[in-house]
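The values are calculated or read from the model by the stated rules, or taken from the named source; none is laboratory data. Since this is a predicted model, take the numbers as computed values, not measurements. FYI the Cβ positions are ideal-geometry reconstructions off the backbone, even for glycines, and counts take in every protein chain you see.
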Amino acid sequence: MNSIDIILQRMFGIMNSIKAQNPKLYEHLGQVMKFQGTYYVGNTVLYNVGDPVDRAFFVSEGFVTRSSKSKQGLQQVLSIFEENEIKAGPDFMQQTPSEFLIEATSGTFVAYITHEQMKTVYSLFPEAHELASLIISQHNRKEARLRKLLLLKGVNLVEAFYKRYPKLIEPGSVLIDEKIASYLKISISLLREHRSDLFATGRLINPGK
């Protein structure tokens, strides 16, 4: 069994935990997706605003971010998809242009399926429609929980964020401070000040030290 097979087995386990499926669905996806994996050495734009979204992703390692972008070019990170999450939003399902900037961070590996391939899946396995809806609902629940995190203030907000995403703790190693600050809706200087205080007091450990 090669590495992509192992990744797909992990994805199938996650899907089955959400809603049990016909084992033949996994056999079909295993054949379709076994040559459809990409490793991103550096930060990479997957979709710009307005692009047709023709792929859904399973994040095997790393992170995929979804951001808004103003006419002035200012970017705000709105969502962070992490290891073992499936990125398949309404833009993919409904084939509408992306409203967001979608990026993979450095060191991210994704397996993917195209929209045409998904249409074939739905024709062969109609019950997969419900699974797709449940995956989106699961992500929406996660987003709702994270919005509660953003209600925290000051140093507690920064601490809660890094404890939620411990792989992002080392400054600049995965996401630059500008993007994290935009997600938390605070200034870069305040993010750095609070993070330094957390390191100094031992509430967070800098893995880069």
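Structure above, values below:
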{"read-out": "Count of the range 57-112 residues which are in contact (Cβ under 8 Å) with a residue 60 or more places away in the chain, surrounded by fewer than 21 Cβ atoms within 10 Å (Cβ to Cβ), out of contact with any strand residue (DSSP E or B) (no Cβ under 6 Å at 6 or more places or on another chain) and of a type in the set (S, T, N, Q)", "value": "2"}
{"read-out": "Selection from the range 168-209 of residues that are in a helix (DSSP H, G or I), over 24 Å from V41 (Cβ atoms) and β-branched (V, I, T)", "value": "I188, T201"}
{"read-out": "Residue in the range 132-142 that is at pLDDT 95 or above, over 13 Å from the mean Cα position of the chain (by Cα), of a type in the set (S, T, N, Q) and within 22 Å of F58 (Cα to Cα) present", "value": "no"}
{"read-out": "Residues of the range 11-43 classified as under 18 Å from the mean Cα position of the chain (by Cα) and surrounded by 14 or more Cβ atoms within 10 Å (Cβ to Cβ), total", "value": "10"}
{"read-out": "Members of the range 126-137 found to be part of a helix (DSSP H, G or I) and over 20 Å from V77 (Cβ atoms), listed by number", "value": "A128, H129, E130, L131, A132, S133, L134, I135, S137"}
{"read-out": "The range 169-194 - residue that is in contact with a Pro (Cβ under 7 Å, 6 or more places away or on another chain) and touching a residue at least 24 places away in the same chain (Cβ under 8 Å) and, of those, farthest from I80 (Cα to Cα)", "value": "E170"}
